[in-house]
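Colleague: Just dropping this structure here.
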Amino acid sequence: MKIKCLVLDDEPLAIKIIKKHLENFEDFEVTHACNNPIEAFNLLAQEPIDLIFLDINMPRLNGIEFIQNLNVSPFIIITTAYREYAVEGFELDVMDYLVKPISLKRLMRALNKVTRFVNLQNEFSKNSINNSLELQEKKQYFFVKVGKKMVKIHFNDILYIESLKDYVSIKTITKDYITHYNLSAITKLIPEYEFMRIHRSFTIAVNKVKAIEGNCIHIHDKKIPIGRNYVKEVKGKILSGSFA
């Protein structure tokens, strides 16, 4: 199945270049191109998109603001002439940050990241979708690459996962593991009935929550902030015990 792409840029030439580059990759298909963020928002409300190529400097709404207001979570590759937004972009879990002019070689590296995460998601889905609850409960762990090793981590040992730009730190009861994922991708690989995204930088194990204090959650010896856009959902589910 092809990865459906949206190119969002107010410069027609920039859209043309990305579309031309993507013709070299049969797994990627540009299904839509938009020259303003409002048009893109309306499109995303109507049909699923897997990957967005996103410009930063656009009228009415810039690329960072666009990401912050998204209600869906496709992969995002920022494409821009400005280097100074890179840190802020990676804090928002973008897959990659490409500075114009974008070479085919540099684009290939970004697409390889997307392909790797899509393959991981597909592999996980094969083992979980349409399985009975009994079968799901038997799988209590997953493997992640840490350095040169594939390390087995039990879901029940995880306290929380913290974003470190294009890496994450998996905090367990006994040890921390640094692995080359982004937070959105790894959150999709763990049981949604046990874990919850509460901030752009944190996913937590719900059963490890000791207390909620204001807009912070206490887990083990860590006080973790709840993101402004997550507060209502997080408090509602945890306090009501309706998380499932």
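The values are calculated or read from the model by the stated rules, or taken from the named source; none is laboratory data. None of the values given here were measured: they were computed from a predicted structure. No Cβ is skipped: glycine too gets one built from the backbone with ideal geometry, and neighbour counts run over all protein chains shown. Note: accessible area is taken over every heavy atom of the protein model, side chains too, but ligands, DNA and RNA are not part of it. Shrake-Rupley method; radii C 1.70, N 1.55, O 1.52, S 1.80 Å.
Colleague: Select from the stretch 208-228 the residues that are open to solvent by 30 Å² or more (accessible area, probe 1.4 Å) and in contact (Cβ under 8 Å) with a residue 24 or more places away in the chain and write down the one among them that is farthest from VAL168 (Cα to Cα).
Modeller: Result: ILE212.
Colleague: List, please: which pairs have Cβ atoms under 8 Å, are six or more places apart or on different chains, and start with a residue in the stretch 23-44 that is farther than 16 Å from ILE64 by Cα and free of Cβ contacts under 8 Å to residues at least 60 places away in the same chain and end with one that is open to solvent by 70 Å² or more (accessible area, probe 1.4 Å) and part of a strand (DSSP E or B)?
Modeller: Taking only residues 6 or more apart or on different chains, the pairs are GLU29/LYS4; THR31/LYS4.
Colleague: Filter the stretch 149-182 for residues that are assigned to a loop (DSSP other than H, G, I, E, B) and at pLDDT 85 or above; which is nearest to LEU120 (Cα to Cα)?
Modeller: Among them, the one singled out is HIS180.
Colleague: Now for a different question. For ASP50, work out the one condition from (1) over 18 Å from the mean Cα position of the chain (by Cα); (2) of a type outside the set (Phe, Trp, Tyr); (3) open to solvent by 40 Å² or more (accessible area, probe 1.4 Å) it doesn't fulfil.
Modeller: (1)
Colleague: Another question about this same structure. I'm trying to understand the selection: among the residues of the stretch 93-108, which are outside any loop (DSSP other than H, G, I, E, B) and more than 24 Å from VAL72 (Cβ to Cβ)?
Modeller: VAL99, LEU104, LYS105, ARG106, MET108
Colleague: Then there's this: Restricting the search to the stretch 183-207, which residues are assigned to a helix (DSSP H, G or I), without any contact (Cβ under 8 Å) to a residue 40 or more places away in the chain and either in contact with a helix residue (DSSP H, G or I) (Cβ under 7 Å, 6 or more places away or on another chain) or among the aliphatic types (A, V, I, L, M) (or both)?
Modeller: VAL206
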